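A.B. asks: Following this message is one structure expressed as structure tokens.
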């Protein structure tokens, strides 16, 4: 699973990074000029700002790039869905690891170490109970 | 300036002494009550644990405010100068300090530093968790319901109630897909019970109240509260779906689905397998399904007021009593 390999990519994006990635995800590959042309209205930014943002996203591992003449051409390393699933997983993992208190409101404490023997025993008890109440 | 600093350290020492005294009292009462409380409903146990958790903090805040009230009132011109009436012992006053005693200074400084350090830690953890939950929420889409359910993408980790005032349930789409409709109903009913009971808010209040007492005592009471709250929500879910065994099945199914390569290896303060086993056994042993409302927050506020009001009304007497005790102790 490629997203599991690059945890650095799985960090929440800023507003501008999200806007740039949204453009990148809609096309197979983009240059800074193409992104700049597609970001209009309130999203409009200077060409150099877009270039810097694309470079940052590349360093985060979200974009791959190759030379296209004098410019860099970028393509997403992950699909939007892969990124969102990976980010959600990363956030959930952080919540579980850093905030044990979160277990209070979780249906089952996902961090608890539960082995197969215990689960089998509990299933047996439930079946037994079902039989008794029939 | 020195007098104000002395006053601050004296107040910190008073708060620490009151909170420690109250927490020892809570522990003693708990030791007596445990055999009786273990037979009580989970909801009542959660209420008692919450009360035990917030009581030392309420006593410390009310007692310190009461002890500090006369000099503050005097400085504001609301009362006459109280220091004229007692020249024979320690002055708890930032205007007429009689000099800070080393033992009180040490205790006050240590308590204040510990309180600030632990307070910052609790606050930063709370804010980080809130930020992460909001980020998760933004990735998901609201499904439906009286209490909104947010379907979040990713592996089946989450079935989680959040929100201090406006409740939300975060549910991993993949977890929902791995469960039957009845099991999803059980999980959501359990989370809705957490939100109706205002457990996220009660949990935060207990964490803040825990700043006033020694960490092991605070952990013990919070753990007791959480276990009882989980069992109370299981009972509520069983009452909502009308079948305790179905809730037990859902618990086991979710525990099985959540096991996977994504399970964190770190040691996490968790309820652990014993909690799961106990919850399942309790659900299966249930004969009559009764959902009991919680009064934890109400009782907590009422008790805090019951402690604070008499202390504030008798602030002058309490102030002098505290000065006498500090004078004799240190």
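A.B. asks: Limited to region B:201-226, what total is found for residues that are in a helix (DSSP H, G or I) and touching a helix residue (DSSP H, G or I) at 6+ places or on another chain (Cβ under 6 Å)?
C.D. replies: Number satisfying all stated conditions: 15.
A.B. asks: Moving on. What helices (runs of 4 or more DSSP H) completely inside region A:18-127 contain at least 3 residues that are away from chain B (no Cβ under 14 Å) and either over 23 Å from the mean Cα position of the chain (by Cα) or under 30 Å from residue B:247 (Cβ atoms) (or both)?
C.D. replies: Correct list: A:32-38, A:47-60.
A.B. asks: A follow-up question, please. Quick test of your reading of the structure: residue A:79 fulfils all but one of (1) surrounded by 13 or more Cβ atoms within 10 Å (Cβ to Cβ); (2) in contact (Cβ under 8 Å) with a residue 40 or more places away in the chain. Name the failing condition by number.
C.D. replies: It fails just one condition, (1).
A.B. asks: If you take the residues in region B:279-293 that are surrounded by 15 or more Cβ atoms within 10 Å (Cβ to Cβ) and more than 7 Å from chain A (Cβ to nearest Cβ), which one is modelled with the lowest pLDDT?
C.D. replies: Here the residue is B:289.
A.B. asks: Name the one entry in B:70, B:56 that is at pLDDT below 90, buried (at least 24 other Cβ atoms within 10 Å of the Cβ) and within 28 Å of residue B:112 (Cβ to Cβ).
C.D. replies: B:70
A.B. asks: Ok, one more. What number of residues within region B:233-245 satisfy the criterion of being assigned to a helix (DSSP H, G or I) and within 12 Å of another protein chain (Cβ to nearest Cβ)?
C.D. replies: Residues meeting the conditions: 5.
The values are calculated or read from the model by the stated rules, or taken from the named source; none is laboratory data. No experiment lies behind these values; they were computed from the predicted model shown. Every residue, glycine among them, receives a Cβ derived from its backbone with ideal geometry; neighbour counts consider all protein chains shown.
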